[in-house]
Structures are given as structure tokens and as C-alpha cells.
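Notes follow once the structure below has been shown.
The values are calculated or read from the model by the stated rules, or taken from the named source; none is laboratory data. Being a predicted model, the structure only gives us computed values, none of them experimental. FYI the Cβ positions are ideal-geometry reconstructions off the backbone, even for glycines, and counts take in every protein chain you see. SASA here: full protein model, heavy atoms, side chains in, ligands and nucleic acids out. Shrake-Rupley method; radii C 1.70, N 1.55, O 1.52, S 1.80 Å.
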Amino acid sequence: MTISAEKTKYELTGQEKRFIGWHILVAVIALFVGSLFGPLQAFEFSGWDLYQYLAPALKSYYQGLTLHGVLNALVWTTFFIVGFTNLTTIKGLRRPLSHPMLNKIGFWTMLVGLVTTAVPLLAGTATVLYTFYPPLEASWAFYLGLTLVVVGSWIEGYGFFLTYRGWRKDNPGIRSPFIAFAGVMNMAMWQIATLGVAAEILSMLLPWSLGMIDATDPELARTYFWFTGHPLVYFWLLPAYISWYGMLPKQAGGKLFSDSLARLAFWLFLLVSVPVGFHHQFVDPGIATGWKWIHAGLTYAVFFPSMLTAFTVIASLEYAGRKRGGTGLIGWIRALPWKDPSVSAQLLAGILFMFGGIGGLVNASYNINTVIHNTTWVPGHFHLTVATAVTLSFIGISYWLVPHITGKKLYKPSWAVVQTWVWFVGMIIFSNAMHVLGLLGAPRRTPLGEAPYVPEEWSGHLLRVSIGGGILFVAVIMYVWIMLRTATGKKADPEDVPEIPIAESLRDPQLTPEWLDSFKPWLIGAVILIVVAYGPQLLEQIANIQLNAPGIGPP
Ligand code: HAS
Ligand code: CU
């Protein structure tokens, strides 16, 4: 039944490579520009205020923080993910996109959206942080631009769904190739997840910023936002998981330990990513405690597929390490190809994610959340997750992807290995200090360098935030430089250009049960869970909508 990989090998065409390349280019520019503001925050914590030298171009700490969050957490991720999903769909299914025009329209919509958002962000009229909670009010262009970015990603998603459907029709009874299936599933989850912000922006924020209504309901807006906001973090994470499951084992010289477990993990994400948003609203008044408990319980459920991932990916890596001659309890770890920057990036990302995951469990525990909520612990947590598990993995992916699509050699691979370690060390220092400060009660989103209440015991940790932030900045610059030099280098001999790594499964994927390769039951399950866990609360909040909070400008 299985198709011989050799017989149907599909190489990306030049046009496909260029199209993916455009996504990655925008992503890397966003990461670069967004990261320029990171050290400003980090240095501010030790009282070294660089913002004063940047005025009037940059108006405040909050404008810098907004640019940092929007460009790094929202733009870098989304463009990279959609570009990467083009690759996993085409390469995984071994066929071109069925409606390439649709994907082109999607990409351009995202780009127009990005520019529309960037103008007010840079002008200082959208200083609302990346969560854009009302009553903080931004220019309408900010909300419109974000909407276009999301709509563009939907349109590209339709391109992937149609391509997948075409493949399904032509290959009845065959298990869909893992990387293609997983990318398509992530885009499907994204379509459901983004209904929350779509409702928030279209029914409240956009009419409000256009002056059609005078005020908003911050509680309902937060509920809509977190309907999207939590699954958003898995939209970021799952492409890294695609690489950890479906590519990294090949790069390490091994195989995927279990195709079935990998698929099960992805389906569990589809099932429980959305109905957990109240774990961001544990302290919000207006949501009954019982609902918060339900979301806390479901959050423990969504912890599970990550535990499955830790098990399956580490088992795949152990298989690779032992095949390479590694022995003993940890000898196989040393035997992994740490000199390959793409591998070292992803291994280091995985190691820090273990700590990010443990922190996540702390956050999710309803009563303990009150200790860390709105403290620097939370940015400490998400710098281990989105800024390391995800970002460092994407960096690792780009170490083979950019050479592959440009036909160039990676510029100075040994520097790239150093780059991944610099990130790792910088992040350990930065995020540990942020976590500790949070436990000591330091508020997040606050220019602590100016705060009059900072006790002496914080000062060492504040300094460590600045040192860690400075090191991370060096790591970003090294990455961008390596990408730039790679992309502008000479064309390489085709033999020296890396292939797209695709891991074989230890067992024939055809042995994976059919229910693990079928969208319908899981989609139905996801919708039912959402209706049960969100329906009553949403209806109640919508029925009692209080449009009584007028907008306030940036501080
Ligand atoms: Fe979170 C807040 C709970 C995961 C991102 N989270 C945030 C915010 C962001 C974020 C951005 O319950 C701040 C939002 C804001 O601005 O207010 N989070 C969790 C839980 C998980 C979790 C339970 N978060 C993530 C991921 C993110 C992310 C992933 C981004 C990508 N988070 C919360 C909660 C809050 C929160 C509350 C609200 C806090 C508050 O009060 O405001 C779980 O999904 C984590 C599961 C992870 C694991 C780890 C498994 C380990 C693996 C590594 C394997 C190792 C390998 C390497 C492969 C169980 C898979 C091997 C290497 C060798 C060398 C062998
Ligand atoms: Cu969450």
C-alpha cells in the first residue's frame, strides 16, 4: 500500500521556493526590528533608560513594549508558520498547491495588513501592547491591519485545505504524510481559534475606534481575546512540534518513534486548545468560579499532548543517539549531532521548554496563579515557550530551510552553533531572573527602573534581566547576520545544498489506526467541547453587555 518515497519524490519548484522565501523574509525582518526593543526594556530594569535618547521617534516604554510584542510574538511567528506550512503541505503531499493563486492572495492580504498595522504602531497611536485590551484604545488602522493579517492567514489556510482534500481524493485508504497532516491540522485549529478576536474586533474594537460606538465592554473583550489567545500559543508551538517529530529525528540520524502517538498528540491539541482561555482570566470578576475550574481542568488536559511529545521526541532522539554509537544512560545525548546548528537549536529549545512547561502548570493551577498573575513571572514563562521553544526551533529550521530555498550554503555553520548556545545561555539568565522577580512580587509591563517602590532585594535580579536581555540581543544579531550572509552568498553546488529533512517512522505509517487520520470526529469533538466550556459564559456576557468603558490613550 505504501508509496515508494523515491518514486514520487517531489522537489519544490523555483517559484514555490521564492513564495516560501517571501514569508520567511518578512518574518526575519519582523524578528529583527521587534528585537531592537527587547534590550530597551531589559536595560530599563536596571535603571539604564535608553528611551530618553530615542525621543521623539519613540514616545514611551509602552510603545517599545508594544512593538516588541506585536512584531516578535505575532508577526515573526505568523509569517514563519504560514511559510513553513506551505513547505510541509507541498513537500509532505508531494504535489504542488492546488490553488496557488489563493495562497498568493492570502500572502498579500497578510502583508497589506502588516503595513496597515505598522503605521500607527510606529506613529505611537497604537500603544496598546500585544493583547490590545480595551479600554486602551488604538487607531482603527491597528485593528484593521491585524484583521487583515488574520484573514490572509485564513485564505492561505483554505489553499492548504483544498490541496489536502485533493490528495485525499487521489489516495483513498493511505495515511496522510505526517508533516502535511500536522500543518493542515494546525491551520484548521487556527480557523476555529481566531473566531474570538474576529468577534472582538469586528463587533467592538473597530466600530469603537471609528467612532461608531462610544465605549466598550472590557470584560467581554477579554473573554473574546483569550478564546483566541490561548490556542494562539499552540498555533505557534505546533510547527515547532512538526519539526521535532517529523524532521529532527532524520537530522539526528534516526526515525520517528511512533507515528500514532505523534498524530494523537496533534488531535488532542485540536480538541482542547480552545476551551481553556479562562486560565488567563482567573482573577477577572464577572466569570463564575465554576467555569474557571472547568478551564483549569481542561488546561491540565492540554498539558498531556506535550507530555506525549516529550516522551515520543526524546525516544526518537534516543534511538538516533544509540544508532550513532552512544551508550549508557546519557551517552546517547552526547552522540547526537550537536555540531549541526539546526539540531543544536532544536535540542536547546526542547530543554528550555521543559522548564516553560513546568511554569505553565504553575500558571494553570487556579489558586497558585494568584501568586504569579500579572508579575514578571509571566513574561519569564513565555520567553521560555514562544521566545525559545518556538523561536529557537524556527531559527533551527531556517538553518536548513533558507539554504534549501536559496540554493546557497549556510554562512559559517560553526557561528550558527555558537548562536544557538548564546540564545540558550542568555535565556537562562533572563528568564530565571524574571521568574524569581515575579515570585518576589515585581509587576509585569512596568518600567521598574523608574518605580519608587523597588526594594533592595530585587536589584541583583533586575541586573540579571538586563544582562540576559543583552546576551539575547547578541544572539538575534548573530542570527540575522547569518541569514543575511547566507541569502546574499554565492549559489552553491547543488550537492552542498541541504535537503528537506523528513523523518521516516519506525513502523510503517500504514499501521497507524485510521481514526488517527480522520478530521471529522476530532473537529466535531472540538466544537462540542467549545460549546460546553464557553457557550453559557459567552451567552451570559453577551446578554449582559455593558458598553460603558470609554477609551483611554497610551500612557
Ligand atoms: Fe503559557 C501565560 C499555562 C504553554 C505562551 N503563556 C502565557 C502567556 C504566553 C504564553 C505568551 O494557565 C502570557 C499571556 C499574556 O500576555 O498575558 N502555558 C500554560 C500551560 C502550558 C503553556 C499549562 N504558553 C505555553 C506555550 C506558549 C505559551 C507552548 C507559547 C508558545 N500560560 C499558562 C497560563 C498562563 C499562561 C495559565 C496565564 C498566566 C497569567 O496569570 O497571566 C502547557 O501547554 C505547557 C506544556 C509543556 C510541557 C513541556 C513538555 C516538554 C517537551 C520538551 C521535550 C524535550 C526535547 C529536547 C525534545 C509539558 C515537549 C530533548 C533534548 C535532549 C538533549 C535529549
Ligand atoms: Cu494560555
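What is the percent carbon and sulfur in the accessible area of region 381-452, measuring with a 1.4 Å probe over the protein chains and ignoring ligands? Display every interim value, and only then the final one.
Details: 1520 of 2230 Å².
Carbon and sulfur together cover 68 percent of it.
Show which aspartates and glutamates lie in cross-link reach of residue 292 when reach means a straight Cα distance below 19 angstrom and same-chain residues fewer than eight apart are skipped.
Once the sequence-local aspartates and glutamates are set aside, what remains near residue 292 is 219, 284, 540.
Loop-only GluC sites (Glu not before Pro) in region 478-555, please: DSSP not H, G, I, E or B, and at most 16 other Cβ atoms within 10 Å.
Values: sites: 495, 499, 504, 514, 540; in loops: 499, 504.
Passing both the DSSP loop test and the Cβ count: 499, 504.
Per DSSP helix of 4 or more residues, -39500 (n - 2.57); summed, then divided by the residues of the chain. What does that give at 222 nm, rounded to the nearest 500?
On the way: 22 runs with 365 residues, N = 555.
Only helices count here, giving -22000 deg cm²/dmol.
List the residues whose amide H sits under 5 Å from the amide H of residue 216, counting only those 5 or more places along or on another chain, with H placed 1.01 Å from N in the peptide plane.
For residue 216, the qualifying residues are 548, 549.
Would you kindly state how much longer the chain becomes between residue 510 and residue 532 on full extension, computed as 0.36 nm times their sequence separation minus their alpha carbon distance, in nm to one decimal?
Values: separation 22, 0.36 × 22 = 7.92 nm, distance 3.47 nm.
Gain on stretching residue 510 to residue 532: 4.5 nm.
List the trypsin sites (Lys or Arg not before Pro) in region 1-83 that DSSP assigns to loop (not H, G, I, E or B) and whose Cβ has at most 14 other Cβ atoms within 10 Å. Which are they?
Numbers: sites: 7, 9, 17, 18, 59; in loops: 7, 9, 59.
For trypsin sites (Lys or Arg not before Pro) across region 1-83 that sit outside H, G, I, E and B with at most 14 neighbouring Cβ atoms in 10 Å, the list reads 7, 9.
List the aspartates and glutamates whose Cα lies under 13 Å from the Cα of residue 412, skipping any in the same chain that are fewer than 8 positions away.
Output for residue 412: 340.
Counting other Cβ atoms within 10 Å, keep those with at most 13, restrict to DSSP loop, and tell me which trypsin sites (Lys or Arg not before Pro) in region 307-401 are left. If you can, show how the numbers build up before the last one.
Numbers: sites: 322, 323, 324, 334, 339; in loops: 324, 339.
In loop regions of region 307-401 (DSSP not H, G, I, E or B), the sparsely surrounded trypsin sites (Lys or Arg not before Pro) are 339.
Tell me which DSSP H helices of the chain clear both cut-offs, 27 Å or more of axial length from alpha-carbon atoms and a mean Kyte-Doolittle hydropathy of at least 1.0.
On the way: long enough: 14-36 (33 Å, 1.10); 100-123 (35 Å, 1.33); 140-170 (45 Å, 0.38); 218-246 (41 Å, 0.31); 289-323 (52 Å, 0.50); 341-364 (33 Å, 1.39); 413-439 (39 Å, 1.22); 459-487 (42 Å, 1.44); 519-543 (33 Å, 1.34).
Qualifying helices, which must be both long enough and hydrophobic enough, are 14-36, 100-123, 341-364, 413-439, 459-487, 519-543.
Going toward the positive end of the dipole of the chain, with +1 on Lys and Arg Cβ and -1 on Asp and Glu Cβ, which of 249, 188, 216 do you reach last?
Of 249, 188, 216, it is 249.
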